[in-house]
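Undergrad: Attaching a single structure in structure tokens format; questions to follow.
The values are calculated or read from the model by the stated rules, or taken from the named source; none is laboratory data. This is a predicted model, so every value here is computed, not measured. When we count neighbours, we look across all protein chains shown, and the Cβ atoms used for this are built from the backbone with ideal geometry, even at glycine.
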Amino acid sequence: MTIEFELPESIVNQTGMTKMLAEQVMRSISRRYDESEHDRPWEYINVIWPFIQQIESADLKRSMARNGSANGSFNGSKNGSGHDDAPAAEKKKPSTGNLRMVHMIEALSWGDAGIYLSTPASALGGAAIHAVGTPDQKKRFLERFTQGEPKWGAMAMTEPQAGSDTSNIKTTAALDPETNEWILNGEKIFVTNGSLAGKESDGLIVVWATLDRSAGRAGMRPFVVESGTPGMTITKLEEKMGIRASDTAAIVFTDCRIPFDNILGNPELVDPDEAGAKGFKGAMKTFDASRPYVAASAVGIARAAFEFTRDTLADQGIKIPECAPLHQLSAIQRDLLQMEVDLKAAWLLTIRSVALLDAGESNNLEASMAKVKAGHVVTTITQKCVELLGPLGYSHDFLVEKWMRDAKINDIFEGTGQINTLIVARRILGYTRNELK
Ligand SMILES: Cc1cc2nc3c(=O)[nH]c(=O)nc-3n(C[C@H](O)[C@H](O)[C@H](O)COP(=O)(O)OP(=O)(O)OC[C@H]3O[C@@H](n4cnc5c(N)ncnc54)[C@H](O)[C@@H]3O)c2cc1C
């Protein structure tokens, strides 16, 4: 496929507005919400919410029209137009939804990655609903994000014993035939926006649970739990190293009853490798689509640190001379050049992975490549910036030390660097999940 590097005017304009928001609103409150970890940045939430409603509304329309996945969704992810149920003509239709989203996310994360993650949106929960929900479920669960007060969605997969190995989840879902309700029992940890989605009105959490542990991945299904449902308890708010403005919660489900229709996809147990197993495949598709978004966020943080360092050093007289041969450059100048190269490489991989998504093509390999590269680049660049700036980099007076702390999560969630490297290796070498673990 070909990639168009010229951006449509609407994306250029939207990115410009996003950059203004990042600079004028997010940067000015960045340190405050880093320090007061569990406060919510309403200055940002109230400004961004009207834009999010428009994006959610467009996503929902596209998703309903295709009876399947939508394009880019804020702070979460949606697959491109390549859903199995979509008519052939729709599958071919070019889209720029995900391209638009990575530009916005990069700019917002340049402002503050933790505050960006606090954006009211259906997020990963919405992504799962778009990927595997029926048209009725999409309308029922997602229309709320297009109107009213700010609200949040979340997705809870991780458990104390099940992180990278998602097939090891223990949270159970059992059907009560008398009331026709599902009963959820188990514990979820590290749920982004978990307390906002679980407690604030009209929020929702997509919870992955097993119908039959002996069935492994085939037994896993996503369930929508509405905010405030009895039996769902927020047990802990994480105190974190970075992205401290982002809400991260642990949640316990104790005989938590939800309506039968809140199971997303097919309630029958089916082999996950068969075409009918939309539930688990939907989760994997969700991750393929969300990884470029994490990569974009990583690039935004890395660019923030790089630009600050480059400009500060320039003020001190350390500039990169134009057209100078490599051997005439100082070590610091070469470091700056290397950072710029890495930043561009990570961004180009990110753009490629969303271009495929927008074209409705598989991006499993490219999404993991972008995630691995950007996760590595953001941790090394921010660390290098602290090093090059010396006391300025380590001081609380500037944000560089914060960006270094914010960076690491991009190498952890949505699949760690190691796990995404495994996915890349499997894809390139042609091994299955069982052949290369
Ligand atoms: C701030 C934050 C927000 C999060 N948000 C969410 C969320 O919204 N929803 C959600 O469900 N989860 C969320 N998570 C959980 C996150 O996805 C997991 O932490 C991640 O998948 C890693 O799982 P783990 O922490 O259990 O590490 P483990 O799986 O225990 O891994 C530990 C280490 O071993 C390595 N490792 C594991 N298996 C292999 C292997 N086969 N080969 C090589 N190395 C391996 C890993 O790369 C890692 O370095 C969040 C986590 C954090 C920290």
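Undergrad: Kindly indicate whether any position in region 224-235 is modelled with pLDDT of 95 or more, touching a helix residue (DSSP H, G or I) at 6+ places or on another chain (Cβ under 9 Å), part of a strand (DSSP E or B) and of a type in the set (D, E, K, R).
TA: Within region 224-235 (the criterion being modelled with pLDDT of 95 or more, touching a helix residue (DSSP H, G or I) at 6+ places or on another chain (Cβ under 9 Å), part of a strand (DSSP E or B) and of a type in the set (D, E, K, R)), the answer is yes, since at least one residue qualifies.
Residue-wise test of (1) part of a helix (DSSP H, G or I); (2) modelled with pLDDT under 95.
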{"residue": "Thr179", "(1), (2)": "no, no"}
{"residue": "Ile183", "(1), (2)": "no, no"}
{"residue": "Lys188", "(1), (2)": "no, no"}
{"residue": "Val191", "(1), (2)": "no, no"}
{"residue": "Ser195", "(1), (2)": "yes, no"}
{"residue": "Val206", "(1), (2)": "no, no"}
{"residue": "Ser214", "(1), (2)": "yes, yes"}
{"residue": "Ala218", "(1), (2)": "yes, yes"}
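Undergrad: Mind checking which residues of region 418-437 are in contact with a Lys or Arg (Cβ under 8 Å, 6 or more places away or on another chain) and in contact (Cβ under 8 Å) with a residue 40 or more places away in the chain?
TA: Asn420
Undergrad: State all residues of region 221-249 that are in contact with a Leu (Cβ under 8 Å, 6 or more places away or on another chain), within 11 Å of the ligand (Cβ to nearest atom) and among the aliphatic types (A, V, I, L, M); if no residue qualifies, say none.
TA: Passing the criteria: Ile243, Ala249.
Rundown of residues vs (1) in contact with a Leu (Cβ under 6 Å, 6 or more places away or on another chain); (2) within 13 Å of the ligand (Cβ to nearest atom); (3) part of a loop (DSSP other than H, G, I, E, B); (4) within 20 Å of Pro292 (Cα to Cα), yes/no style:
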position: Val354; (1), (2), (3), (4): yes, no, no, yes
position: Val372; (1), (2), (3), (4): no, yes, no, yes
position: Val377; (1), (2), (3), (4): no, no, no, yes
position: Asp397; (1), (2), (3), (4): no, no, yes, no
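Undergrad: From (1) buried (at least 24 other Cβ atoms within 10 Å of the Cβ); (2) closer than 17 Å to Ala425 by Cβ, pick out the condition that doesn't hold for Val354.
TA: Going through the list (1) buried (at least 24 other Cβ atoms within 10 Å of the Cβ); (2) closer than 17 Å to Ala425 by Cβ, Val354 breaks only (2).
Undergrad: Could you give me the residue pairs with C-beta distances under 6 Å whose first residue belongs to region 315-339 and is surrounded by 10 or more Cβ atoms within 10 Å (Cβ to Cβ), whose second residue is in a loop (DSSP other than H, G, I, E, B) wherever it lies, and which are 6+ apart or on separate chains?
TA: Ile332/Ile318; Gln333/Ile320; Leu336/Ile320
Undergrad: Could you list all residues from region 96-124 that are closer than 22 Å to Ala156 by Cβ and not aliphatic (A, V, I, L, M)?
TA: Correct list: Gly114, Tyr116, Ser118, Thr119, Pro120, Ser122.
Undergrad: Continuing with this model, one more query. Would you check if there is a residue in region 136-153 being within 21 Å of Val252 (Cα to Cα), modelled with pLDDT of 95 or more and within 15 Å of the ligand (Cβ to nearest atom)?
TA: Yes, region 136-153 contains a residue that is within 21 Å of Val252 (Cα to Cα), modelled with pLDDT of 95 or more and within 15 Å of the ligand (Cβ to nearest atom).
Undergrad: Given the criteria under 28 Å from Arg100 (Cβ atoms) and either among the aliphatic types (A, V, I, L, M) or not assigned by TED's automatic domain parsing to the domain that holds Thr166 (or both), does Met339 qualify?
TA: Judged against the criteria, Met339 is a match.
Undergrad: Further, regarding this structure: Restricted to region 158-213, and to residues that are more than 14 Å from the ligand (Cβ to nearest atom) and over 16 Å from Ile258 (Cβ atoms), which residue is surrounded by the most Cβ atoms within 10 Å (Cβ to Cβ)?
TA: Of all residues in region 158-213, those more than 14 Å from the ligand (Cβ to nearest atom) come to 172-185, 199-202, 210-213.
Restricting the remaining residues to those that are over 16 Å from Ile258 (Cβ atoms) gives 199-201, 212-213.
Values: Lys199: 15, Glu200: 17, Ser201: 11, Asp212: 14, Arg213: 14.
Going through the qualifying residues, I end up with Glu200.
Undergrad: Just give me the residues in region 250-268 being closer than 17 Å to Trp182 by Cα and either within 16 Å of the ligand (Cβ to nearest atom) or touching a Gly at 6+ places or on another chain (Cβ under 6 Å) (or both), in sequence order.
TA: As a first pass, look at region 250-268 and keep what is closer than 17 Å to Trp182 by Cα: 252-268.
If the condition is that a residue be closer than 17 Å to Trp182 by Cα and either within 16 Å of the ligand (Cβ to nearest atom) or touching a Gly at 6+ places or on another chain (Cβ under 6 Å) (or both), then Val252, Phe253, Thr254, Asp255, Cys256, Leu264, Gly265 are the ones that fit.
Undergrad: A follow-up question, please. What residue, of Ser77, Ser69, is at pLDDT below 85 and closer than 19 Å to Gly203 by Cβ?
TA: Of the residues listed, the single one that is at pLDDT below 85 and closer than 19 Å to Gly203 by Cβ is Ser77.
Undergrad: Restricting to region 410-425, give me the number of residues that are more than 6 Å from the ligand (Cβ to nearest atom) and of a type outside the set (Gly, Ala, Ser).
TA: Qualifying residue count, region 410-425: 7.
Undergrad: Inside region 311-348, can you point out the residues that are closer than 23 Å to Val372 by Cβ and charged (D, E, K, R)?
TA: Asp335, Glu340, Asp342, Lys344
Undergrad: Let me ask you something else. For region 375-410, give me the residue count where each residue is small (Gly, Ala, Ser), surrounded by 24 or more Cβ atoms within 10 Å (Cβ to Cβ) and either out of contact with any Ser or Thr (no Cβ under 9 Å at 6 or more places or on another chain) or modelled with pLDDT under 95 (or both).
TA: First pass over region 375-410, keeping only residues small (Gly, Ala, Ser): 375, 390, 393, 395, 407.
Within this subset, residues satisfying the condition of being surrounded by 24 or more Cβ atoms within 10 Å (Cβ to Cβ) are 375, 407.
Add one more test, that the residue is either out of contact with any Ser or Thr (no Cβ under 9 Å at 6 or more places or on another chain) or modelled with pLDDT under 95 (or both), and what stays is none.
Looking only at that region, the number is 0.
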